[in-house]
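Visitor: Below are the structure tokens for one structure; questions will follow.
Read the figures in this text as sums done on the coordinates, not as results from a lab. Please read all numbers here as calculations on a predicted model, not as lab measurements. No Cβ is skipped: glycine too gets one built from the backbone with ideal geometry, and neighbour counts run over all protein chains shown.
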């Protein structure tokens, strides 16, 4: 039996964004394992029959000794498990997992670059130096023998080519992790005051602060509009919003905080508009799910975000970090139900055409089979 190992920096992310691959690979006969730090998602994976191996990883860590220890631990896991295929997701798993695969030479690699995140958005000379170091590390990681790089959007590919990281890489474009169109079905708009929802972890680079600023501006003119943060805190992320900030916004009455939602289909059913003011994404799953439910979308004209709405076909685009433009877009759609419905229908159509998770699963299974056949 072919052993497939997913390597992630957070088990909750594997459950929320790659569960269709876990289930599909098991159904296809793969022996599926996960190497991950601890977290609530571990129990979900184990209930599916996935063998989980704990990995000590500091998501914010940058000290050489700490990071070397994480790489060594991953090498130990690979040497013990002898995986046939390792699927690495997010920056540290890609970089450290590729290093481990070079040591354990039997392992073929899928390196999934799902956006660049905080490191490539931070400003200042130290951040620039860190980006250069990571670009060099990507050049090494993405040239790992018997590996494939999976990218989600054209901007990420352009940036990696600019860094020289794809010069020796086998690149496959799979646009996101897809959406379950049978679970995320079209739902009518809720009755009552309009509800504008931001569905994301509470991170600054998700545009949470801009969303709150836009809420203040909109409610000054349309006091009946409700604004909802539907996502949990993520204190392990350098861009995290603090609990104190969220409580201050709630006390001010500008937003509601619903916390992490396990049933996003039901959550989207309670929204009138869905908004993601993110600075950059790979392919934002929340927007794909909201599109499938039939919601008009508002998002930034940024990598990944614009792809999720087909450049504006299925949603309204506004500039990154521009809360005033976001406020104007919200007021326009709140005041124009016909335009909302037009965008909602386009969003659902786009989800059906491009983002069905079964098509995403088939693309990955074909990729695994290609790597398995090459290994043989």
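Visitor: So which residue, out of 313, 226, 80, gets the largest mean-square fluctuation from a GNM of the chain using Cα contacts under 10 Å as springs?
Guide: Of 313, 226, 80, the Gaussian network model singles out 80 as fluctuating most.
Visitor: Pairing the Cα long axis of helix 125-141 with the longest principal axis of the chain, what angle in degrees results, from 0 to 90 and rounded to the nearest 10?
Guide: 50 degrees
Visitor: Which value at 222 nm does the chain reach when only helices count, each DSSP H run of 4 or more adding -39,500 (n - 2.57), with the total divided by all residues and rounded to the nearest 500 deg cm²/dmol?
Guide: -14500 deg cm²/dmol
Visitor: Among 233, 19, 48, which one moves the most in a GNM of the chain with springs linking Cα atoms closer than 10 Å?
Guide: 48
Visitor: How high is the relative contact order of the chain, given as a whole-number percent (alpha carbon pairs under 8 Å, six or more residues apart)? Don't skip to the end; give the middle numbers.
Guide: On the way: 744 pairs, mean separation 56.3, N = 376.
Computed over the chain, the figure is 15 percent.
Visitor: Is the C-alpha gyration tensor of the range 153-213 telling us rounded, prolate or oblate? Criteria: a/c under 1.5 is rounded; beyond that, a/b larger than b/c is prolate, otherwise oblate.
Guide: Here the range 153-213 falls in the oblate category.
Visitor: A follow-up question, please. Rounded if a/c is under 1.5, else prolate if a/b beats b/c, else oblate: with a ≥ b ≥ c from the C-alpha gyration tensor eigenvalues square-rooted, which is the range 4-67?
Guide: It comes out prolate by the Cα gyration axes.
Visitor: So if each residue of separation counts as 0.36 nm, and I subtract the Cα-Cα distance between residue 146 and residue 372, what length gain in nm does that give?
Guide: On the way: separation 226, 0.36 × 226 = 81.36 nm, distance 1.00 nm.
Full-extension gain reported as 80.4 nm.
Visitor: Determine the shape class of the range 1-41: with a ≥ b ≥ c the square roots of the Cα gyration tensor eigenvalues, call it rounded for a/c under 1.5, and otherwise prolate if a/b is greater than b/c, oblate otherwise. Intermediate values should be presented prior to the final figure.
Guide: Details: a/c = 2.98, a/b = 1.65, b/c = 1.80.
Judged from the Cα gyration tensor, the range 1-41 comes out oblate (a/c at least 1.5, b/c at or above a/b).
Visitor: Can you give the direction-averaged projected area of the convex hull of the alpha-carbon atoms in the range 240-376, in nm²?
Guide: With every direction weighted equally, the projected area is 10.5 nm².
Visitor: Give me the angle, in degrees from 0 to 90, between the Cα long axis of helix 323-335 and the longest principal axis of the Cα atoms of the chain, rounded to the nearest 10.
Guide: 60 degrees
Visitor: What is the order of 283, 1, fewest Cβ neighbours within 10 Å to most?
Guide: 1, 283
Visitor: So, one more: Which whole-number percent gives the relative contact order of the range 195-354, counting Cα pairs below 8 Å spaced six or more residues apart?
Guide: 24 percent
Visitor: Now for a different question. Between the range 250-279 and the range 5-71, how many Å separate their Cα centres?
Guide: If you average the Cα positions of each part, the centres end up 27 Å apart.
Visitor: Additional query: For all pairs of alpha-carbon atoms in the range 181-268, what percent lies in each bin of width 10 Å, listed from the first bin to the last filled one?
Guide: Computed distribution, short to long bins: 16, 46, 30, 8.
Visitor: Counting DSSP beta bridges in the range 195-354, what percent are antiparallel, to the nearest 5?
Guide: 5 percent
Visitor: Turning to a different aspect of this structure: Tell me the label only: which of [x] 23.6; [y] 20.7; [z] 21.3 is Kirkwood radius over Cα pairs in Å as calculated from this structure?
Guide: Only one option fits the structure, namely [z].
Visitor: Also, I was wondering about something else. Could you tell me how far the Cα centroid of the range 299-357 sits from the Cα centroid of the range 125-158, in Å?
Guide: Computed from Cα coordinates, the inter-centre distance equals 29 Å.
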